[in-house]
1. Need one word for the range 242-294: rounded, prolate or oblate. Basis is the Cα gyration tensor (sqrt eigenvalues a ≥ b ≥ c); a/c below 1.5 gives rounded, then a/b vs b/c decides.
2. Output the Kirkwood hydrodynamic radius of the range 63-205, Cα pairs only, in Å rounded to one decimal.
3. Provide the solvent-accessible area of S72, counting protein heavy atoms only and rolling a 1.4 Å probe, rounded to the nearest 10 Å².
4. In square nanometres, what is one fourth of the surface area of the convex hull spanned by the alpha carbons of the range 302-431?
5. Roughly what would the spin-label model give for T349 and E104, points 7 Å off Cα along C-beta, in nm?
6. Indicate the gyration tensor shape class of the range 338-415 (rounded, prolate or oblate), computed on the Cα atoms with a ≥ b ≥ c the square roots of the eigenvalues: a/c under 1.5 is rounded; otherwise a/b larger than b/c is prolate and the rest oblate.
7. Place a label point 7 angstrom from the Cα of D126 along the Cα-to-Cβ direction, then list the residues of the range 153-171 whose backbone nitrogen is under 14 Å away.
8. Sort the range 126-182 into rounded, prolate or oblate with this rule: let a ≥ b ≥ c be the square roots of the eigenvalues of the Cα gyration tensor; rounded if a/c is under 1.5, and if a/c is not under 1.5, prolate when a/b is larger than b/c, oblate otherwise.
Amino acid sequence: PVTRKKHTVTSSIIPNMKFSAAIFLAAVSATAAFSPSAIAPRASTSLNVLMPRSTGQSPLDPAVIAKYDSLSFPDDQIMAEYVWVDALGNTRSKTRTLTPDKAEAVENLPKWNFDGSSTDQAPGDDSEVILRPQAIYKDPFRPRADGLRNILVMCDCYTPAGDPIETNTRAIAAAAFEGHEDEEVWFGMEQEFTLFNLDEKTPLGWPQGGMPSRAQGPYYCSVGPENSFGRHITDALYKACLYAGINLSGTNGEVMPGQQEYQVGPCVGIAAGDQLMMSRYILQRVCEDFQVYCTLHPKPITEGDWNGAGMHTNVSTKAMREEGGLEVIKTAIYKLGAKHAEHIANYGTGNELRLTGKHETASINDFTFGVANRGASVRIGRDTEAEGKGYFEDRRPSSNCDPYTVSGMIMKTIMEDVDVPVIPPLNKQEA
(Lines give C-alpha, C1' and ligand atoms only; values in the text may rest on other atoms or scores of the structure.)
Protein backbone atom coordinates (compact mmCIF):
# COMPACT_ATOMS: atom_id res chain seq x y z
CA PRO A 1 0.00 0.00 0.00
CA VAL A 2 1.02 3.54 -0.74
CA THR A 3 1.06 5.89 2.23
CA ARG A 4 0.33 9.53 1.56
CA LYS A 5 0.57 12.44 3.91
CA LYS A 6 -2.41 14.64 4.53
CA HIS A 7 -1.76 18.26 3.58
CA THR A 8 -3.53 21.15 5.29
CA VAL A 9 -3.54 24.41 3.38
CA THR A 10 -4.27 27.85 4.80
CA SER A 11 -4.59 31.03 2.74
CA SER A 12 -4.78 34.32 4.39
CA ILE A 13 -6.70 39.79 0.94
CA ILE A 14 -21.49 62.64 -14.76
CA PRO A 15 -23.67 64.86 -20.89
CA ASN A 16 -23.25 68.53 -20.63
CA MET A 17 -21.09 68.68 -17.64
CA LYS A 18 -17.31 68.44 -17.52
CA PHE A 19 -16.14 66.76 -14.40
CA SER A 20 -12.66 66.81 -13.12
CA ALA A 21 -13.67 64.00 -12.60
CA ALA A 22 -10.32 45.00 3.02
CA ILE A 23 -10.11 43.36 1.60
CA PHE A 24 -11.47 40.41 3.63
CA LEU A 25 -8.79 38.02 4.85
CA ALA A 26 -10.06 34.44 4.42
CA ALA A 27 -8.65 31.47 6.19
CA VAL A 28 -9.32 28.37 4.13
CA SER A 29 -8.44 24.90 5.23
CA ALA A 30 -8.54 22.05 2.77
CA THR A 31 -7.51 18.42 2.82
CA ALA A 32 -5.80 17.09 -0.26
CA ALA A 33 -7.99 14.52 -2.00
CA PHE A 34 -6.50 11.37 -3.46
CA SER A 35 -7.71 8.32 -5.27
CA PRO A 36 -7.13 5.00 -3.47
CA SER A 37 -6.04 3.43 -6.75
CA ALA A 38 -3.58 6.16 -7.66
CA ILE A 39 0.06 5.31 -7.40
CA ALA A 40 1.91 8.22 -9.06
CA PRO A 41 2.06 11.47 -7.03
CA ARG A 42 -0.36 14.18 -8.07
CA ALA A 43 0.96 17.19 -10.00
CA SER A 44 1.77 20.02 -7.64
CA THR A 45 -0.61 23.00 -7.62
CA SER A 46 -0.74 26.19 -5.58
CA LEU A 47 -2.96 24.31 -3.14
CA ASN A 48 -0.04 22.16 -2.11
CA VAL A 49 1.89 24.99 -0.51
CA LEU A 50 1.28 27.49 2.24
CA MET A 51 0.20 30.73 0.57
CA PRO A 52 2.38 33.72 1.51
CA ARG A 53 0.86 37.03 2.56
CA SER A 54 2.17 38.92 -0.44
CA THR A 55 0.66 40.86 -3.33
CA GLY A 56 -0.33 39.04 -6.48
CA GLN A 57 -0.69 35.55 -5.03
CA SER A 58 -3.99 33.94 -6.00
CA PRO A 59 -5.51 32.07 -3.04
CA LEU A 60 -6.46 29.15 -5.31
CA ASP A 61 -5.02 27.48 -8.34
CA PRO A 62 -6.46 29.12 -11.51
CA ALA A 63 -6.83 25.68 -13.04
CA VAL A 64 -9.04 24.60 -10.18
CA ILE A 65 -11.14 27.77 -10.40
CA ALA A 66 -11.51 27.38 -14.17
CA LYS A 67 -12.95 23.90 -13.73
CA TYR A 68 -15.93 25.30 -11.86
CA ASP A 69 -16.22 28.48 -13.93
CA SER A 70 -16.67 26.31 -17.01
CA LEU A 71 -19.82 24.68 -15.64
CA SER A 72 -23.01 25.82 -17.39
CA PHE A 73 -25.86 27.47 -15.48
CA PRO A 74 -29.38 26.01 -15.41
CA ASP A 75 -31.58 27.90 -17.89
CA ASP A 76 -34.34 28.36 -15.29
CA GLN A 77 -32.19 29.77 -12.48
CA ILE A 78 -29.95 32.76 -11.80
CA MET A 79 -27.71 33.77 -8.94
CA ALA A 80 -28.51 37.03 -7.12
CA GLU A 81 -25.92 38.63 -4.84
CA TYR A 82 -27.72 40.81 -2.29
CA VAL A 83 -25.41 43.65 -1.15
CA TRP A 84 -25.98 45.94 1.81
CA VAL A 85 -24.09 48.45 3.98
CA ASP A 86 -23.16 47.39 7.49
CA ALA A 87 -22.85 49.42 10.69
CA LEU A 88 -19.34 50.60 9.80
CA GLY A 89 -20.21 51.64 6.23
CA ASN A 90 -18.61 48.60 4.64
CA THR A 91 -20.43 46.41 2.14
CA ARG A 92 -21.53 42.86 2.87
CA SER A 93 -23.32 40.35 0.68
CA LYS A 94 -24.86 36.93 0.37
CA THR A 95 -26.21 34.92 -2.54
CA ARG A 96 -29.54 33.31 -3.38
CA THR A 97 -31.04 31.42 -6.31
CA LEU A 98 -33.94 33.05 -8.21
CA THR A 99 -35.86 32.50 -11.43
CA PRO A 100 -34.78 34.71 -14.35
CA ASP A 101 -38.04 36.73 -14.39
CA LYS A 102 -37.17 38.15 -10.98
CA ALA A 103 -34.21 40.03 -12.49
CA GLU A 104 -36.36 41.95 -15.00
CA ALA A 105 -37.31 44.69 -12.49
CA VAL A 106 -36.29 45.54 -8.95
CA GLU A 107 -39.97 45.36 -7.96
CA ASN A 108 -39.93 41.66 -8.80
CA LEU A 109 -37.16 40.83 -6.39
CA PRO A 110 -38.12 39.32 -3.05
CA LYS A 111 -37.05 40.80 0.24
CA TRP A 112 -34.55 38.82 2.23
CA ASN A 113 -33.06 38.97 5.71
CA PHE A 114 -29.80 38.52 7.58
CA ASP A 115 -28.49 38.18 11.11
CA GLY A 116 -28.06 41.80 12.20
CA SER A 117 -26.41 40.80 15.45
CA SER A 118 -23.39 39.68 13.43
CA THR A 119 -23.05 43.07 11.70
CA ASP A 120 -23.79 45.30 14.73
CA GLN A 121 -27.15 46.27 13.20
CA ALA A 122 -29.51 44.46 15.57
CA PRO A 123 -29.44 42.92 19.06
CA GLY A 124 -29.00 39.19 19.50
CA ASP A 125 -32.47 38.66 20.93
CA ASP A 126 -34.15 40.33 17.92
CA SER A 127 -31.55 39.96 15.21
CA GLU A 128 -33.55 39.73 11.97
CA VAL A 129 -32.87 42.63 9.57
CA ILE A 130 -34.85 42.85 6.32
CA LEU A 131 -33.06 43.47 3.02
CA ARG A 132 -35.15 45.53 0.60
CA PRO A 133 -33.85 45.50 -3.03
CA GLN A 134 -33.35 48.97 -4.50
CA ALA A 135 -31.18 48.61 -7.65
CA ILE A 136 -30.06 45.83 -9.98
CA TYR A 137 -26.69 45.46 -11.71
CA LYS A 138 -25.18 42.69 -13.83
CA ASP A 139 -22.79 40.50 -11.90
CA PRO A 140 -19.30 40.87 -13.44
CA PHE A 141 -17.95 38.02 -11.35
CA ARG A 142 -20.41 35.39 -12.63
CA PRO A 143 -20.90 36.12 -16.35
CA ARG A 144 -22.94 33.69 -18.42
CA ALA A 145 -23.27 33.14 -22.17
CA ASP A 146 -26.87 31.91 -22.43
CA GLY A 147 -28.59 35.29 -22.70
CA LEU A 148 -29.51 35.39 -19.02
CA ARG A 149 -27.69 37.35 -16.35
CA ASN A 150 -26.68 36.78 -12.80
CA ILE A 151 -27.18 39.96 -10.80
CA LEU A 152 -25.90 42.17 -8.01
CA VAL A 153 -28.69 43.70 -5.93
CA MET A 154 -28.14 46.90 -3.93
CA CYS A 155 -30.32 46.75 -0.84
CA ASP A 156 -31.06 48.86 2.21
CA CYS A 157 -32.04 47.62 5.65
CA TYR A 158 -35.30 47.63 7.62
CA THR A 159 -36.82 46.18 10.75
CA PRO A 160 -39.40 43.41 10.36
CA ALA A 161 -42.02 46.12 11.04
CA GLY A 162 -40.85 48.00 7.94
CA ASP A 163 -38.97 50.87 9.55
CA PRO A 164 -35.47 51.84 8.33
CA ILE A 165 -32.85 50.69 10.82
CA GLU A 166 -30.59 53.26 12.43
CA THR A 167 -27.73 52.72 9.98
CA ASN A 168 -29.95 53.02 6.87
CA THR A 169 -28.63 56.30 5.50
CA ARG A 170 -30.13 55.58 2.08
CA ALA A 171 -33.66 56.09 3.41
CA ILE A 172 -32.66 59.49 4.83
CA ALA A 173 -31.12 60.55 1.53
CA ALA A 174 -34.15 59.36 -0.44
CA ALA A 175 -36.34 61.57 1.73
CA ALA A 176 -34.11 64.57 0.95
CA PHE A 177 -34.53 63.97 -2.80
CA GLU A 178 -38.27 63.37 -2.58
CA GLY A 179 -40.30 66.21 -4.11
CA HIS A 180 -37.29 67.65 -5.96
CA GLU A 181 -37.43 65.43 -9.04
CA ASP A 182 -37.83 68.49 -11.32
CA GLU A 183 -34.40 69.68 -10.19
CA GLU A 184 -32.76 66.72 -11.99
CA VAL A 185 -29.78 66.97 -9.67
CA TRP A 186 -26.62 65.37 -11.05
CA PHE A 187 -23.85 64.02 -8.90
CA GLY A 188 -20.39 62.97 -9.94
CA MET A 189 -18.31 61.37 -7.21
CA GLU A 190 -14.51 60.98 -7.34
CA GLN A 191 -13.59 57.98 -5.24
CA GLU A 192 -9.96 57.84 -4.15
CA PHE A 193 -8.50 54.74 -2.53
CA THR A 194 -5.11 53.38 -1.51
CA LEU A 195 -3.75 49.94 -2.28
CA PHE A 196 -1.54 48.06 0.13
CA ASN A 197 0.24 44.76 0.27
CA LEU A 198 -1.51 42.21 2.45
CA ASP A 199 0.57 43.27 5.43
CA GLU A 200 -1.77 46.32 5.46
CA LYS A 201 1.27 48.48 6.17
CA THR A 202 3.10 48.78 2.84
CA PRO A 203 1.39 50.67 -0.01
CA LEU A 204 1.96 49.32 -3.49
CA GLY A 205 5.22 50.73 -4.85
CA TRP A 206 6.67 51.42 -1.40
CA PRO A 207 9.64 49.61 0.10
CA GLN A 208 8.73 47.50 3.07
CA GLY A 209 9.22 49.47 6.27
CA GLY A 210 10.37 52.57 4.39
CA MET A 211 9.43 55.49 2.17
CA PRO A 212 9.70 55.97 -1.62
CA SER A 213 13.00 57.47 -2.69
CA ARG A 214 11.21 60.25 -4.62
CA ALA A 215 8.69 62.76 -3.25
CA GLN A 216 5.19 62.85 -4.67
CA GLY A 217 4.92 64.52 -8.06
CA PRO A 218 5.82 61.91 -10.68
CA TYR A 219 3.04 59.50 -9.72
CA TYR A 220 -0.11 61.45 -10.64
CA CYS A 221 -1.60 60.15 -13.93
CA SER A 222 1.75 58.48 -14.46
CA VAL A 223 3.07 55.67 -16.63
CA GLY A 224 5.98 53.34 -16.14
CA PRO A 225 6.80 50.68 -13.57
CA GLU A 226 8.67 53.15 -11.38
CA ASN A 227 5.64 55.48 -11.15
CA SER A 228 2.37 53.62 -11.58
CA PHE A 229 1.28 51.06 -9.02
CA GLY A 230 -2.09 49.33 -9.20
CA ARG A 231 -3.16 50.15 -12.77
CA HIS A 232 -4.19 46.54 -13.38
CA ILE A 233 -6.56 46.69 -10.42
CA THR A 234 -8.11 49.98 -11.49
CA ASP A 235 -8.52 48.73 -15.07
CA ALA A 236 -10.19 45.56 -13.83
CA LEU A 237 -12.51 47.65 -11.64
CA TYR A 238 -13.28 49.93 -14.62
CA LYS A 239 -14.33 47.09 -16.88
CA ALA A 240 -16.26 45.27 -14.16
CA CYS A 241 -18.24 48.42 -13.30
CA LEU A 242 -19.07 49.15 -16.94
CA TYR A 243 -20.18 45.55 -17.38
CA ALA A 244 -22.35 45.84 -14.26
CA GLY A 245 -24.07 48.98 -15.61
CA ILE A 246 -22.43 51.45 -13.27
CA ASN A 247 -21.77 54.84 -14.87
CA LEU A 248 -18.07 54.86 -14.19
CA SER A 249 -16.79 57.83 -16.20
CA GLY A 250 -13.02 57.60 -15.71
CA THR A 251 -10.00 56.59 -13.68
CA ASN A 252 -6.54 57.94 -12.97
CA GLY A 253 -3.50 57.35 -10.82
CA GLU A 254 -3.32 59.74 -7.89
CA VAL A 255 -0.64 61.92 -6.29
CA MET A 256 0.63 59.49 -3.69
CA PRO A 257 2.16 56.27 -5.01
CA GLY A 258 -0.23 53.38 -4.52
CA GLN A 259 -3.22 55.74 -4.55
CA GLN A 260 -5.82 55.51 -7.31
CA GLU A 261 -9.10 57.22 -8.25
CA TYR A 262 -12.21 56.48 -10.25
CA GLN A 263 -15.22 58.68 -10.99
CA VAL A 264 -18.89 57.66 -10.87
CA GLY A 265 -21.45 59.86 -12.64
CA PRO A 266 -23.30 61.74 -13.77
CA CYS A 267 -25.99 60.02 -11.75
CA VAL A 268 -29.38 61.49 -10.89
CA GLY A 269 -30.47 61.73 -7.26
CA ILE A 270 -30.35 58.63 -5.11
CA ALA A 271 -28.79 56.60 -7.93
CA ALA A 272 -25.48 58.31 -7.17
CA GLY A 273 -25.31 56.69 -3.76
CA ASP A 274 -26.44 53.33 -5.09
CA GLN A 275 -23.84 53.28 -7.86
CA LEU A 276 -20.99 54.55 -5.71
CA MET A 277 -21.69 52.04 -2.98
CA MET A 278 -21.96 49.15 -5.42
CA SER A 279 -18.72 50.28 -7.06
CA ARG A 280 -17.03 50.01 -3.66
CA TYR A 281 -18.30 46.46 -3.37
CA ILE A 282 -16.91 45.64 -6.80
CA LEU A 283 -13.59 47.29 -5.87
CA GLN A 284 -13.23 45.07 -2.84
CA ARG A 285 -14.11 41.97 -4.87
CA VAL A 286 -11.48 42.88 -7.48
CA CYS A 287 -8.89 43.40 -4.75
CA GLU A 288 -9.90 40.04 -3.32
CA ASP A 289 -9.03 38.45 -6.67
CA PHE A 290 -5.69 40.27 -6.87
CA GLN A 291 -4.95 39.63 -3.20
CA VAL A 292 -4.32 43.30 -2.49
CA TYR A 293 -5.60 45.21 0.55
CA CYS A 294 -7.63 48.34 -0.22
CA THR A 295 -8.37 51.09 2.27
CA LEU A 296 -10.66 54.10 2.00
CA HIS A 297 -9.02 55.82 4.97
CA PRO A 298 -8.57 59.55 4.18
CA LYS A 299 -4.99 59.63 5.49
CA PRO A 300 -3.48 56.16 5.50
CA ILE A 301 0.06 57.54 5.61
CA THR A 302 0.46 60.24 8.25
CA GLU A 303 4.26 60.45 8.26
CA GLY A 304 5.89 62.46 5.50
CA ASP A 305 4.62 64.84 2.85
CA TRP A 306 1.87 62.76 1.22
CA ASN A 307 -1.63 63.58 -0.03
CA GLY A 308 -4.66 62.13 1.64
CA ALA A 309 -7.68 60.57 -0.08
CA GLY A 310 -11.10 62.15 -0.63
CA MET A 311 -14.38 61.72 -2.44
CA HIS A 312 -14.79 65.09 -4.17
CA THR A 313 -18.47 65.47 -5.01
CA ASN A 314 -19.55 67.39 -8.11
CA VAL A 315 -23.10 68.77 -8.10
CA SER A 316 -25.40 70.35 -10.69
CA THR A 317 -29.12 71.04 -10.64
CA LYS A 318 -31.17 71.83 -13.74
CA ALA A 319 -31.16 75.54 -12.80
CA MET A 320 -27.37 75.48 -12.51
CA ARG A 321 -27.08 74.13 -16.04
CA GLU A 322 -29.32 76.84 -17.54
CA GLU A 323 -28.56 80.51 -18.35
CA GLY A 324 -27.80 82.39 -15.15
CA GLY A 325 -26.75 79.16 -13.50
CA LEU A 326 -23.55 80.59 -12.04
CA GLU A 327 -25.53 82.73 -9.60
CA VAL A 328 -27.56 79.68 -8.60
CA ILE A 329 -24.29 77.86 -7.97
CA LYS A 330 -22.94 80.68 -5.80
CA THR A 331 -26.15 80.78 -3.75
CA ALA A 332 -25.87 77.05 -3.16
CA ILE A 333 -22.26 77.49 -2.05
CA TYR A 334 -23.25 80.20 0.42
CA LYS A 335 -25.82 77.81 1.90
CA LEU A 336 -23.19 75.11 2.23
CA GLY A 337 -20.89 77.57 3.96
CA ALA A 338 -23.57 78.44 6.50
CA LYS A 339 -23.72 74.77 7.50
CA HIS A 340 -20.04 73.96 7.21
CA ALA A 341 -19.66 72.38 10.65
CA GLU A 342 -22.74 70.20 10.19
CA HIS A 343 -21.49 68.89 6.86
CA ILE A 344 -17.96 68.28 8.12
CA ALA A 345 -19.35 66.22 10.99
CA ASN A 346 -20.99 63.91 8.43
CA TYR A 347 -18.35 63.85 5.69
CA GLY A 348 -16.36 60.86 6.92
CA THR A 349 -14.15 59.73 9.78
CA GLY A 350 -10.50 60.76 10.10
CA ASN A 351 -11.09 63.76 7.85
CA GLU A 352 -9.27 66.05 10.28
CA LEU A 353 -6.05 64.29 9.27
CA ARG A 354 -6.66 65.16 5.62
CA LEU A 355 -8.24 68.65 5.69
CA THR A 356 -5.22 70.54 6.96
CA GLY A 357 -4.97 73.35 4.42
CA LYS A 358 -2.13 71.49 2.73
CA HIS A 359 -1.98 68.89 -0.02
CA GLU A 360 -4.80 70.39 -2.11
CA THR A 361 -7.21 70.78 0.80
CA ALA A 362 -8.81 73.57 2.78
CA SER A 363 -8.62 73.70 6.56
CA ILE A 364 -11.35 71.68 8.22
CA ASN A 365 -12.09 74.70 10.43
CA ASP A 366 -12.77 77.19 7.64
CA PHE A 367 -15.17 77.29 4.69
CA THR A 368 -13.88 78.82 1.46
CA PHE A 369 -14.67 78.69 -2.23
CA GLY A 370 -12.81 79.75 -5.34
CA VAL A 371 -12.51 79.35 -9.08
CA ALA A 372 -10.12 76.59 -10.14
CA ASN A 373 -8.82 76.58 -6.57
CA ARG A 374 -8.06 73.15 -5.20
CA GLY A 375 -7.11 74.68 -1.87
CA ALA A 376 -10.74 75.76 -1.29
CA SER A 377 -13.56 73.84 0.38
CA VAL A 378 -15.69 74.21 -2.75
CA ARG A 379 -14.32 74.75 -6.24
CA ILE A 380 -15.95 76.28 -9.33
CA GLY A 381 -14.35 75.14 -12.57
CA ARG A 382 -12.94 77.51 -15.18
CA ASP A 383 -15.42 76.26 -17.79
CA THR A 384 -18.35 76.90 -15.46
CA GLU A 385 -17.10 80.42 -14.78
CA ALA A 386 -16.57 81.12 -18.49
CA GLU A 387 -19.92 79.71 -19.59
CA GLY A 388 -21.86 81.15 -16.66
CA LYS A 389 -23.43 77.79 -15.82
CA GLY A 390 -22.48 74.24 -14.95
CA TYR A 391 -21.55 72.66 -11.63
CA PHE A 392 -19.55 73.01 -8.43
CA GLU A 393 -17.26 70.61 -6.63
CA ASP A 394 -17.48 70.02 -2.89
CA ARG A 395 -13.93 68.94 -2.01
CA ARG A 396 -14.56 68.24 1.66
CA PRO A 397 -15.94 64.66 1.74
CA SER A 398 -13.40 62.06 2.74
CA SER A 399 -12.72 58.89 0.81
CA ASN A 400 -14.54 56.82 3.43
CA CYS A 401 -17.62 59.07 3.57
CA ASP A 402 -21.13 57.68 3.14
CA PRO A 403 -22.25 58.68 -0.40
CA TYR A 404 -25.91 58.56 0.65
CA THR A 405 -25.25 60.94 3.54
CA VAL A 406 -23.13 63.31 1.44
CA SER A 407 -25.53 63.53 -1.52
CA GLY A 408 -28.59 63.74 0.74
CA MET A 409 -27.12 66.49 2.93
CA ILE A 410 -26.01 68.55 -0.07
CA MET A 411 -29.46 68.22 -1.62
CA LYS A 412 -31.24 69.19 1.59
CA THR A 413 -28.96 72.19 2.24
CA ILE A 414 -29.01 73.72 -1.23
CA MET A 415 -32.79 73.29 -1.53
CA GLU A 416 -33.53 75.21 1.68
CA ASP A 417 -35.33 78.55 1.24
CA VAL A 418 -33.15 80.61 3.54
CA ASP A 419 -31.13 83.81 3.43
CA VAL A 420 -27.44 83.28 4.06
CA PRO A 421 -24.43 85.61 4.06
CA VAL A 422 -22.46 86.12 0.86
CA ILE A 423 -19.01 84.57 1.03
CA PRO A 424 -16.20 86.28 -0.88
CA PRO A 425 -14.24 83.97 -3.17
CA LEU A 426 -10.82 82.86 -2.05
CA ASN A 427 -8.01 84.57 -3.90
CA LYS A 428 -6.02 81.81 -5.58
CA GLN A 429 -2.76 83.39 -4.46
CA GLU A 430 -3.80 82.69 -0.86
CA ALA A 431 -4.20 78.96 -1.36
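The values are calculated or read from the model by the stated rules, or taken from the named source; none is laboratory data. The shown structure was predicted, so the numbers you read here are calculated from the model rather than taken from an experiment. A quick note on method: Cβ atoms are made from the backbone with ideal geometry, for glycine too, and the neighbour counts reach across all protein chains shown. Just so you know, the surface numbers come from the protein's heavy atoms only, side chains and all, with ligands and any DNA or RNA stripped out. Shrake-Rupley method; radii C 1.70, N 1.55, O 1.52, S 1.80 Å.
1. Oblate.
2. Result for the range 63-205, one decimal place: 17.9 Å.
3. Estimated to the nearest 10 Å², S72 gives 110 Å².
4. 7.7 nm²
5. The modelled label-to-label distance comes out at 4.4 nm.
6. Judged from the Cα gyration tensor, the range 338-415 comes out oblate (a/c at least 1.5, b/c at or above a/b).
7. Within reach of a label on D126, which here means backbone N under 14 Å from a point 7 Å along Cα→Cβ, the range 153-171 contributes 158-166.
8. Here the range 126-182 falls in the oblate category.
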